[in-house]
1. Could you go through the range 725-732 in sequence order and give the Karplus-derived ³J(HN,Hα) for each residue, using 6.51 cos²θ - 1.76 cosθ + 1.60 with θ = phi - 60°, rounded to whole Hz, and x for Gly and Pro?
2. Mind listing the phi-derived Karplus ³J(HN,Hα) values for the range 648-663, rounded to whole Hz, using 6.51, -1.76 and 1.60 with θ = phi - 60°, and x for any glycine or proline?
3. Mind jotting down the three principal axis lengths of the range 278-387 based on Cα atoms? Whole angstrom, largest first.
4. If you roll a 1.4 Å probe over the range 608-757 with all protein chains in place, what percent of the accessible area is carbon or sulfur?
5. Rg(Cα) of the range 138-264 divided by 2.2 N^0.38 Å?
6. Over the Cα atoms of the range 608-757, compute the convex hull volume and normalise it per residue, giving Å³.
7. Based only on Cα atoms, what Rg/Rh ratio does the range 191-241 have, Rh being taken as Kirkwood's radius?
8. When you count, for each residue, the other Cβ atoms within 10 Å and take the mean per peptide, how do 330-342, 674-686, 746-758, 301-313 rank with the highest first?
Amino acid sequence: MAKAAADVELKATPPVLQATPPAFKRSRARRLFCGTSYSQHGREVLCKMAAQVAMANGSFGVSMQSPVQQPCSVSVDDVIVTTSPSVENHHPEPAEEADSPAAEMFRSKAQPSVGLWTSKRDGEVLLRMDESGIGCETPITVHELLLNSVSQFGDYPALSSKKDGRWTKLTFKEYYQECRGAAKSFLKLGLERFHGVGILGFNSAEWFIADIGAILAGGFAVGIYTTNSPEACQYVAENCGANIIVVENDRQLQKILEVKSQLPLVKAIIQYGEELKEKRPNLYTWSEFMALGASVSDDQLDKIIASQKPNQCCTLIYTSGTTGQPKGVMLSHDNITWTARAGGNYVGLSKATERQEVVVSYLPLSHVAAQMIDIWLPITFGVHTCFAQPDALKGTLVETLKEVRPTAFLGVPRVWEKMQERMKAAGMKFSALKKRIAAWAKVVGLETNLRRINGSDELPLNFRLARSFVFKKVRKQLGLDRCTKCYTGAAPITRDTLEYFLSLDICIYELYGMSESSGPHTASFPSSYKLGSSGKEITGCRTMLFKPDSEGVGEICFAGRHVFMGYLNMEDKTKEAIDDEGWLHSGDLGRHDADGFLFITGRIKELIITAGGENIPPVPIEDAIKEAIPILSNVMLIGDKAKFLAMLMTLKCMVNLETGEPEDALTPQAIEFCHKLGSKATKVSDIVNSKDPAVYSAIQKGVTSVNERATSNAQKIQKWMLLDKDFSIAGGELGPTMKLKRPVVAKMYKQQIDQLYSD
Ligand SMILES: Nc1ncnc2c1ncn2[C@@H]1O[C@H](COP(=O)(O)OP(=O)(O)OP(=O)(O)O)[C@@H](O)[C@H]1O
C-alpha cells in the first residue's frame, strides 16, 4: 500500500476556512493544504480533508487523531497530516526524488503564496472550504468528476444528437473516451498549458467534447458567442491566448479567417458541423482532428491530467458585455465540480441510477447557465442531454421538446415570453367555446396555484378538471408533459409571464446567479418557492446584503466555493468584484423577506440617477409598461443625468427565421390589438410613419396608467418614442441571452434620445 502525505497549514483568521490543494512535497505526488481556520473544529475538518485528498491520491486506510493547536503532526495510518500556524510562512520543500512525472509537474507548479483571487492564467487560489456540510467536501478536478461519472453511470446514455432525422447516442463511457481522444488531438496540435481552445458554434456533442478535451489537455475551454462579430471573436481569442479554434460551420469559419492574421497564437482550426468548403493548411474536419491524437500515448495525457489541481483555472466564461467590454471569468475545477454537485443536490436532481433526468441543450453554451445545465450537472448526476437543432430559437425548439420530453428545462425569460406570445396567438384562433374554456381554466389554475404557493395543498374539483382537460394538453403541446423542473434564469422575468404559466399549471422556478458564481447562487423549487423571488441560497453558498437601505435593499454579495477565481488579466476589475473580505459583489440590488427568500430589485449598473439625484431602477417601470401595453415588444427607460424620464419602445413584429432580424410585419397578436382599437395597421411602419392616432393614444393611456401608480413625480415617464425596428440579437441591442444591452441602445439611438430631450 502506498504511503502518502499531506500537509495542512493553519492560520487563525476568521471568518472562512480555506484550503488549497494541492502543491507538492517530498518524494511522492503529495498535496499541500493551505488552510485558514478559526476554530478547533475547523482544524479538524481541514485535517480530514487533507487526509481525503491524500487518499484520493492513492493512500488507503486513513484514521485520524484530533489535530492540536500549534505546529503539529497528526499521525494517520497512511497519511501524515502536519499543521502549522501560518500560510505565509510556508515554503514548499524541494522534492527529494521524482518518482512520477506528475510529481515533476506538481513541483514546478507549487506557489509560495496564494490568495482568494488571481488574474493570472496559471494562478491558483485558496478554496473557500466550509467547516461542515457540502462546503467541506473534498475538492476534485474535472477529470476526477468524469471518472466518478463513468463509474456510476458508464452505460447510461449521456449525449443524443439528431442528424438527418436519426438520433445517435453516446454513453458516459464513450463520452469520456471521446473527450480523452479530443484531448490527445489538442496536444498533438500544440495546445499549451493554460491556453485557450475557443469554441464557436451551436450546441452539439462535438462542442462538449472539445470543451472537456481542452480541459483534460491542460488548456482552457472557452465558449465564444456565435453572435459575435469577427472583431469580438478576435478579442476573446486574443484575451485567452487561444491556440486552437473550433467552429461549427463555414459562416463561423469565415469570421475567424477574417481576423486570423492578427491571432499569431492560433495554430489550428477545426470545423465540426458541416463539410469544409475548401481545404486550407491547419484547417481540419472533426474526424481528421480526432484521428490526430492516435500518436499521443495515454501516458502522455495522464501525466497532464495528474498535474491538474482543483484550484487552477480550466474554463473561461466571457461575460456578454451588457455593461461593458467582455471579461474572461476564470473558473477553477473546484468552481465547476463543486457548484454542479451543490446546485444539483439543492434542486433535487435525481441520479441516473434512481431515475435518469433528461434535458434539451439549446441555450448558447458560451453562457455559464447553459454549461452548468447541459454539461456539468449531467456529468455529475448522469443526466441524459439531447441536442436541439441549430435553428431551435428560430422555431424548432418546441418540436425537439415534444420529441425528447425533457424532465428539466431552463429557458431565459425571453424564451418563456416567446412561448407565451405564441400560445396567446394560437389561442386567438380558438372557437368561442374553446376560448371560454381556456379562460376558465386559466382563472382556476392561477387561483389554485397561488393558494398552493401560500401553503394550501387543496386541489379543488374544478382545478382537477382543468388539469385533466386543459393543462395536460398544453404541457404536451409544449413538450413539457414530463417536465417537473421548469426554470428561468440569467435575467429578470416579468410577473405577467410567471403568472401566465402558473395559470396553465406550469410553475417556473427561478435560478439566480452570474458567470462569476459559476452559475447558480440561489434557486427555488417546489417546496421552496415564492412568486417573484429568486429563491434561497444553494446550500454551502452565503449571501450578504451590502449597505442595505431603510427597506433592507442592498447590493447582493456572494461567498462560497462557487465564487470565481478572478478576471483573466484584469487585476483591477477583479479587485472591484471581490472585496477585501472575499465577498463577490454582484452589482445587483435585492432584499430578503422574513422567510429568507431573495427578491432582486434592480442592478446598480442599470440604476438611472436623474439630474435631480433620484435613483430609479428601470426594470419595474419597464415591466409595468409592457404589461399595460401588450403591443410593445421591448422598452428601455432613459433619463440618466436628465431632468425627466423618457422611454424608447418597439412593437411586436415578425422575425426573419434565417437571420434573426426583426421584420416590418406586425405579429398576429399585435394586429389583433390594433384592430380592436380600430386601426388597420399590419406593419410597424404603418403605425410609426403615420403616428397612428389609435395606437399612439392607447400607448399614452398605458403610460398614464403606469405613471399614476408611480411613487414620485421623478419616476413618471414624461416622453416616449416608438422606434421603427424591434431590438434583436442580430441588431446588437440584445445580448446572446436576450438581455438588453443598455449602453449599446443608448449609443445606437442617440439621435432619437437627443430628440426626446430637445423638443
Ligand atoms: N433570476 C434572475 N433574475 C434577475 N436577474 C438575473 C437572474 N439571473 C441572473 N440575473 C442577472 O444576470 C447577471 C449575470 O449575468 P451574466 O453573468 O450572465 O453576465 P452577462 O449578462 O453575460 O454580462 P455582463 O456582466 O456584461 O452584464 C446578474 O448579475 C443579474 O443581474
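The values are calculated or read from the model by the stated rules, or taken from the named source; none is laboratory data. Note that the structure is a prediction, hence the values are computed from the model and not measured. Reconstructed Cβ throughout: ideal geometry from the backbone, glycine too, with neighbour counts over all protein chains shown. Side chains are part of the model used for accessible areas, which takes the heavy atoms of the whole protein and leaves out ligands, DNA and RNA. Shrake-Rupley method; radii C 1.70, N 1.55, O 1.52, S 1.80 Å.
1. 9, 6, 6, 7, 5, 4, x, x
2. So the J values, rounded to whole Hz, are 9, 9, 10, 9, 6, 9, 6, 10, 5, 5, 6, 9, x, 6, x, 9.
3. 47, 42, 32
4. Looking at the range 608-757 in its full context, I get 53 percent from C and S.
5. This ratio for the range 138-264 stands at 1.12.
6. With only Cα atoms used, the range 608-757 gives 106 Å³ per residue.
7. Value, to two decimals: 0.97.
8. 330-342, 301-313, 674-686, 746-758
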